[in-house]
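What follows draws every value from the coordinates through simple rules; no lab data is involved. Since we're looking at a predicted model, the values are computed, not measured. Because the Cβ atoms are built from the backbone with ideal geometry, glycine has one as well, and the counts that use them run over all protein chains shown.
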Amino acid sequence: GDSVTQMEGPVTLSEEAFLTINCTYTATGYPSLFWYVQYPGEGLQLLLKATKADDKGSNKGFEATYRKETTSFHLEKGSVQVSDSAVYFCALRVTSGTYKYIFGTGTRLKVLA
Amino acid sequence: GAGVSQSPRYKVAKRGQDVALRCDPISGHVSLFWYQQALGQGPEFLTYFQNEAQLDKSGLPSDRFFAERPEGSVSTLKIQRTQQEDSAVYLCASSEGQGPYSNQPQHFGDGTRLSIL
């Protein structure tokens, strides 16, 4: 069945460091891919999305490229800030039936000043 | 505009009690989803509504779980005879679109944290 695998956290970085959070997926068809972020005490917020191969989603300095050949959707940011500290979830939208989301387990990022 | 609203924000119940969790989706959103998020895990799908029709309930873990959306707007997730393993955050999400041709993202509420003692 469809699934999402994320790198385990926590990831601890210094401010202005480069961030990569790996995400790979298994899916039937060509799913849409998403990154959601969950700040402490808050709900899930959409960070970025990509709907087809080679699409690049971007928002708030974060980027992720839909790589069909490697079934990956890695999240990157060139210079992280303390305010980026949160849990990041990679998700895919299944391509049939209910079009529900399947989430990875989440990666906690902690950025130190 | 208003986002997805869930209530209560926190719920504590004794094992064996029934609980009801409410979700107010974004106005006009056709699709509504319920997810269960265990501690340290990603959300897992429970059930899906398109307007008032419950089209998929394959993720409901047992027949103690029941969801409804009678008028195609507000939804209620009910858990009967709660067990300790039901302790989790229950998330509601809505989206404007439906079906395979919609790329509208899901918008999530802040969730209800349920603790069963």
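Structure data summary
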{"item": "FRET efficiency for B:ASP63 and A:GLN81, using Cβ-Cβ distance with R0 set to 41 Å, rounded to 0.05", "result": "0.30"}
{"item": "FRET efficiency, 1/(1 + (r/R0)^6) with R0 25 Å, evaluated for B:SER5 and B:GLN80 via beta carbons", "result": "0.55"}
{"item": "10 Å Cβ neighbours from other chains, averaged over peptide A:98-109", "result": "6"}
{"item": "Amide H partners (placed H, <5 Å) of B:GLY111, local residues excluded", "result": "B:GLN6, B:CYS92"}
{"item": "GNM result for chain B, Cα springs below 10 Å: residue of B:ASP18, B:ASP63, B:ASP86 fluctuating most strongly", "result": "B:ASP63"}
{"item": "Residue list for segment B:11-37, given a label point 7 angstrom along the Cα-to-Cβ vector of B:SER73 and an amide N cut-off under 12 Å", "result": "B:24-29"}
{"item": "Relative contact order [Cα under 8 Å, 6+ residues apart], chain A, whole percent", "result": "36 percent"}
{"item": "Max mean-square fluctuation residue, GNM over chain B, Cα-Cα springs under 10 Å, options B:GLY42, B:GLY59, B:GLY16", "result": "B:GLY42"}
{"item": "Stokes-Einstein translational diffusion, the protein assembly as shown - Kirkwood Rh over all Cα pairs, 1.567 mPa s, 4 °C, in µm²/s", "result": "72 µm²/s"}
